[in-house]
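Each remark here refers to the structure printed beneath this line.
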Amino acid sequence: MSLQLRKIRKSYREPGGGTLPVLNIDSFELPQGTQAALIGQSGGGKTTLLNVISGITMPDAGEVIVDGTDITRLVEPARDRFRAERIGIVFQTFHLLPAFSALENILLGMVFAGRADRAYARQLLERVGLGKRMNHRPSQLSVGEQQRVSVARALANRPRLMLADEPTASVDVANQANILNLLRQACQEHNVSLLLVTHSAEVSAQFDRVEQLSAFNRPGDAK
């Protein structure tokens, strides 16, 4: 099993001192190699869920088991290392470092995981169609090309789980299908599980497994 969530609870403090429940998930599972689209309303907790799964945000209670490891039991440095080694993340806004080239952006992520491999980084950029632009900085790349770098970077450490937060929202219609196909094909080739958050019916329609967040997340019932 690539991902298991058990009795996840997450709330935030409101300015007035009250508590706002965001996540109340009894159970969710994603088998290894499975690709699933997750749909939810704006403000419904989708991004918080991805942050909890990746260990960026800790839940108030519950277990987040990724590739057999409950990351809620790891101290922060170990959790950061685990995320770098086992989890790939494609952000809606790319998060590329502007002072570095496409190739350097990928290598920096690999260095943190102790896996710097220039040949593989170059291979990934070739794979996403940027072989001739790997020395360009983000400002010299189109929005669609920046997202391709983001996908390559997420694959660089050969993750077991890929999380994608609205990966097609910042690109034009012409690039949406290309980005989605690239992401799905790459995950399939490497047997990487994919959980993709989207609000687009067109995007979710391309997945065999489509989950409505409201079907298993009931924050109003959180105790």
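The values are calculated or read from the model by the stated rules, or taken from the named source; none is laboratory data. Computed from a predicted model, the values in this text were never measured in an experiment. All Cβ positions, even for glycine, are placed from backbone atoms using ideal geometry, and neighbour counts span all protein chains on display.
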Q) Within the stretch 1-36, restricting attention to residues that are closer than 28 Å to Q185 by Cα, of a type in the set (A, V, I, L, M) and surrounded by fewer than 21 Cβ atoms within 10 Å (Cβ to Cβ), which residue is modelled with the highest pLDDT? A) A36
(Q) Restricting to the stretch 193-205, name every residue that is touching a residue at least 40 places away in the same chain (Cβ under 8 Å) and closer than 29 Å to R158 by Cβ. (A) S193, L194, L195, L196, V197, T198, V203, S204
Q | Leading residue by the ranking (surrounded by the most Cβ atoms within 10 Å (Cβ to Cβ)) among those in the stretch 37-59 that are more than 20 Å from R160 (Cα to Cα) and among the small types (G, A, S) | A | G45
(Q) So in the stretch 164-223, with the set limited to residues that are basic (K, R) and modelled with pLDDT of 90 or more, which one is farthest from the chain's Cα centre (by Cα)? (A) R209
Q: Please state which one of D172, D165 is out of contact with any Pro (no Cβ under 9 Å at 6 or more places or on another chain), touching a residue at least 40 places away in the same chain (Cβ under 8 Å), farther than 17 Å from E189 by Cα and of a type outside the set (S, T, N, Q).
A: D165
Q | Residue among G45, G55, G40, G62 that is under 21 Å from R115 (Cβ atoms) and in contact (Cβ under 8 Å) with a residue 24 or more places away in the chain | A | G55
Q: Tell me which residues, restricted to the stretch 182-199, are surrounded by 14 or more Cβ atoms within 10 Å (Cβ to Cβ) and of a type outside the set (A, V, I, L, M, F, W, C).
A: R184, H190, S193, T198, H199
